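One structure below.
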Amino acid sequence: MIPLLGLLAGIVVGIVLEPSIPQVLQPYLPIAIVAAMDALFGAFRAYLEGTFTDRVFVVSFISNVLIAAAIVFVGDQIGVGSQLATAVVVVLGIRIFTNAAAIRRALFHA
Amino acid sequence: MDLLNQIIRQPVDPDYAVVAARGDEPVRGRWVLALLAVIIGALFAVAALQTTRAAPALKSERSELINRVQNAEREQDELRVRLTSLSGEIATLRAAALGDDDASGVLETRIEALDPVVGNAPVSGPGVLIVVDDSPSATADARDRVLDIDLQVLANGLWQADAEAISINGHRLSSLTAIRSAGDAITVDFRSLTRPYRVEAIGDPRTLQAQFVESPAGAWWNDLAQNRRMRYEISDVKQLDLAADPGMVLRHAGKATS
């Protein structure tokens with residue numbers, strides 16, 4: 001319940017306050033969001049399986065976002081930024097789909 | 001493949017299982033979780049806001065650029081009209097300056113004979129119309145597109161077939177006209193063309209088409225039409241009107257030695 005409320009509160013805060021992201025960080029925002037979605041789905045699945053832990057979630061979320069952003073950053077420096085961004089999206093996308101399928105099975109038994 | 005299998009087999013962070021197996025996790029740090037949830041929500045909102053905010057800006061930038069291009073083109077057309085009227089004025093002044101003695105008469109005949117040939121005067125008469133275009137599958141294979149060299153070969157073939165005047169999509173060719181590609185488009189006289197390419201040539205209606213087809217250029221285009229399925233249509237036209245090349249300028253002038 002807390003995460004869901006927090007999520008909604010965050011969306012409201014984002015819309016109301018409209019914090020401006022520094023120009024330098026803007027290219028990494030979409031990647032960070034995909035990594036965040038991956039962490040969220042993973043956490044929800046762990047929650048359904050009864051293994052969810054706050055600390056692991058926090059650590060995995062932060063490290064996911066940082067690593068994804070770092071991969072894209074390094075890619076930008078060596079000229080393959082968009083390709084590496086695609087790679088990150090593909091890998092995280094596969095994980096999101098797999099986790100979503102497991103969540104669906106656990107929730108609806110289908 | 002092993003990497004992908006690994007991703008599918010283990011989509012959840014393995015640490016969850018490790019910590020749960022240890023079973024000694026105290027309930028604390030709820031506020032960190034809430035804070036993180038707020039941050040994630042804010043991330044979503046900010047990204048969505050930025051994308052929707054950037055869309056109209058990009059659109060207006062684009063239309064602004066299109067506007068500028070259209071303005072520049074209009075200005076260019078106006079300048080061309082002015083150029084034509086000024087050239088007419090020059091011709092009148094030249095005729096007045098030459099007077100009507102014998103030497104001037106000779107000069108005027110030479111000017112009249114040379115003007116249509118070099119592209120400085122509009123010409124009309126019978127000729128051929130050649131329409132060429134990319135093949136229908138051009139999007140799949142870049143080699144199926146008409147290139148600048150194809151149009152160059154076409155124009156040179158027409159000169160070879162004794163064409164007196166040629167224009168491509170309304171741009172008169174002179175001996176100084178460049179046909180080259182710039183980006184995706186072919187330019188003639190540095191103005192880009194749009195497909196299909198209509199090449200008009202004035203010449204002897206009895207021989208022009210036959211000579212062109214027999215020339216190397218005709219063979220080149222036959223090959224393109226058959227092997228690359230490009231559009232290539234030749235037809236005789238009774239009356240063609242080709243404008244003068246507006247790019248003609250006076251580059252060199254000397255005092256008449258008479």
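(1) under 12 Å from the mean Cα position of the chain (by Cα); (2) facing chain B (nearest Cβ under 8 Å); (3) crowded, with 18+ Cβ neighbours inside 10 Å: which one isn't true of A:VAL58, the others all being true?
Unmet condition: (3).
When you look at B:VAL188, is it free of Cβ contacts under 8 Å to residues at least 60 places away in the same chain and not basic (Lys, Arg), yes or no?
Judged against the criteria, B:VAL188 is a match.
A quick yes/no check of all residues on (1) touching a residue at least 24 places away in the same chain (Cβ under 8 Å); (2) away from chain A (no Cβ under 14 Å); (3) touching a Phe, Trp or Tyr at 6+ places or on another chain (Cβ under 6 Å); (4) not β-branched (Val, Ile, Thr):
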{"position": "B:ALA17", "(1), (2), (3), (4)": "no, no, no, yes"}
{"position": "B:ILE66", "(1), (2), (3), (4)": "no, yes, no, no"}
{"position": "B:GLU75", "(1), (2), (3), (4)": "no, yes, no, yes"}
{"position": "B:LEU83", "(1), (2), (3), (4)": "yes, yes, no, yes"}
{"position": "B:ALA97", "(1), (2), (3), (4)": "no, yes, no, yes"}
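In region A:26-36, is there at least one residue being over 20 Å from A:ILE94 (Cα atoms) and of a type outside the set (A, V, I, L, M, F, W, C)? Can you show your working first?
First, pick out the residues of region A:26-36 that are over 20 Å from A:ILE94 (Cα atoms): A:26-27.
With of a type outside the set (A, V, I, L, M, F, W, C) added as a condition, the list becomes A:26-27.
Yes.
Return the residues of region B:207-249 that are among the charged types (D, E, K, R) and at pLDDT 85 or above; say none if nothing qualifies.
Start the filter on region B:207-249 by keeping residues that are among the charged types (D, E, K, R), which leaves B:214, B:223, B:228-229, B:231, B:233, B:236, B:238, B:241, B:245.
B:GLU214, B:ASP223, B:ARG231, B:GLU233, B:ASP236, B:LYS238, B:ASP241, listed by residue number.
Is it the case that some residue within region B:37-49 is within 19 Å of A:ARG45 (Cβ to Cβ), assigned to a helix (DSSP H, G or I) and not β-branched (Val, Ile, Thr)?
Yes, region B:37-49 has at least one match.
Output the residues belonging to region B:182-230 that are within 16 Å of B:LEU129 (Cβ to Cβ), surrounded by fewer than 18 Cβ atoms within 10 Å (Cβ to Cβ) and within 9 Å of the chain's Cα centre (by Cα).
B:ARG195
Applying the selection to region A:76-94, what residues are away from every other protein chain (no Cβ under 14 Å) and without any contact (Cβ under 8 Å) to a residue 40 or more places away in the chain?
A:GLN77, A:ILE78, A:GLY79, A:VAL80, A:SER82, A:GLN83, A:LEU84, A:THR86
Among the residues in region B:122-134, are any over 30 Å from B:LEU86 (Cβ atoms), hydrophobic (A, V, I, L, M, F, W, C), in contact with a Gly (Cβ under 8 Å, 6 or more places away or on another chain) and modelled with pLDDT of 80 or more?
Yes - at least one qualifying residue is present in region B:122-134.
Collect the residues in region A:1-15 that are modelled with pLDDT of 85 or more and more than 7 Å from chain B (Cβ to nearest Cβ), keeping them in residue-number order.
Within region A:1-15, A:VAL12 is the sole residue that qualifies.
Taking the criterion of being small (Gly, Ala, Ser), surrounded by 15 or more Cβ atoms within 10 Å (Cβ to Cβ), more than 7 Å from every other protein chain (Cβ to nearest Cβ) and touching a residue at least 12 places away in the same chain (Cβ under 8 Å), would at least one residue in region A:18-40 satisfy it? Even if it seems obvious, please write down each step before you answer.
Within region A:18-40, the first condition is being small (Gly, Ala, Ser), and the residues that meet it are A:20, A:32, A:35-36, A:39.
Those still in the list that are surrounded by 15 or more Cβ atoms within 10 Å (Cβ to Cβ) too: A:32, A:35-36, A:39.
Remaining after also requiring more than 7 Å from every other protein chain (Cβ to nearest Cβ): A:35, A:39.
Still in the running and touching a residue at least 12 places away in the same chain (Cβ under 8 Å): A:35, A:39.
Looking for residues that are small (Gly, Ala, Ser), surrounded by 15 or more Cβ atoms within 10 Å (Cβ to Cβ), more than 7 Å from every other protein chain (Cβ to nearest Cβ) and touching a residue at least 12 places away in the same chain (Cβ under 8 Å), one finds at least one in region A:18-40, hence yes.
Pick from B:ASP141, B:ASP150: which is crowded, with 20+ Cβ neighbours inside 10 Å and not β-branched (Val, Ile, Thr)?
Just a single option satisfies the conditions, and that option is B:ASP150.
Looking at B:HIS252 and the list (1) surrounded by 20 or more Cβ atoms within 10 Å (Cβ to Cβ); (2) within 28 Å of B:LEU107 (Cα to Cα); (3) of a type outside the set (Val, Ile, Thr); (4) at pLDDT 80 or above, which single condition is not satisfied?
(1)
Being in contact (Cβ under 8 Å) with a residue 40 or more places away in the chain, of a type outside the set (D, E, K, R) and under 14 Å from B:MET230 (Cα atoms) is the filter here; which residues of region B:134-164 pass it?
The answer is B:SER135, B:PRO136, B:SER137, B:VAL146, B:LEU151, B:LEU154.
Of everything in region B:184-216 that's in contact with a strand residue (DSSP E or B) (Cβ under 6 Å, 6 or more places away or on another chain) and not in a strand (DSSP E or B), which residue is nearest to B:ALA244 (Cα to Cα)?
Only one residue tops the list, namely B:ASP189.
Looking only at residues that are of a type in the set (A, V, I, L, M) and not in a helix (DSSP H, G or I) in region B:9-36, which one is modelled with the lowest pLDDT? So that I can check it myself, show each step before the final result.
Initially, region B:9-36 is screened for residues of a type in the set (A, V, I, L, M), giving B:12, B:17-21, B:27, B:32-36.
With not in a helix (DSSP H, G or I) added as a condition, the list becomes B:12, B:27.
Working: B:VAL12: 78, B:VAL27: 56.
Selected residue: B:VAL27.
Going by the structure shown, is B:ARG80 surrounded by 11 or more Cβ atoms within 10 Å (Cβ to Cβ), charged (D, E, K, R) and farther than 30 Å from A:GLY14 by Cβ?
Yes, satisfied.
Quickly run through region B:98-123 and pick out the residues that are of a type in the set (Ser, Thr, Tyr) and surrounded by 13 or more Cβ atoms within 10 Å (Cβ to Cβ).
Hit for region B:98-123 is B:SER104, nothing else.
The values are calculated or read from the model by the stated rules, or taken from the named source; none is laboratory data. Worth saying up front: this structure is predicted, and the values here are computed from it rather than measured. For neighbour counting, all protein chains shown are included, and Cβ atoms are generated from backbone atoms with ideal geometry for every residue, glycine included.
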